[in-house]
Amino acid sequence: MKTLVLGLLTVTCCGMASQVAQAAGESGYVTIVSTAMSTNLGNNVQIRVSSPPTTPASCSTHAAWHFTLSLDTAAGKNLYALILLAKTAGTTVWISGTNVCSEIGNIESLRAITTYEAAP
């Protein structure tokens, strides 16, 4: 059942994001190491992956966190559900950023996430 849910969320989330222009921060094949939220940072989640993005946005200078995601939209909430499932399952992912730091001034905003059974 977990595999089915991951597949459905991938189609829902990443199908929408594929229409956006190429992003700056590309994670490569990684796992999600940690996520965090804090009331003083708004309705956003911070994401750390197992390896830093290969080409982060110039504004992305935070040492610990690689991406942020706003949970103010339905798409953001769907992406967050996929992030939590991938983290819990230890699934390999590829994350793309937006090339801007919208939610938190020094962490790149997340654009898309793709899940894999194993790194290709």
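Since every read-out is calculated from the coordinates, none of them should be taken as a lab result. Bear in mind that the values here come from a model prediction, so they are computed numbers and not experimental data. Because the Cβ atoms are built from the backbone with ideal geometry, glycine has one as well, and the counts that use them run over all protein chains shown.
The fewest-to-most ranking of L82, L110, L71 by surrounding Cβ atoms within 10 Å reads L71, L82, L110.
Projecting the Cα atoms of Q46, P56, I107 onto the dipole axis of region 20-115, where Lys and Arg carry +1 and Asp and Glu carry -1 at the beta carbon, places Q46 farthest toward the positive end. Phi angles across region 53-69 convert, under the Karplus curve 6.51 cos²θ - 1.76 cosθ + 1.60 with θ = phi - 60°, into 3J(HN,Hα) values of x, 6, 9, x, 4, 4, 7, 7, 10, 5, 6, 9, 10, 9, 9, 10, 9 Hz, Gly and Pro given as x.
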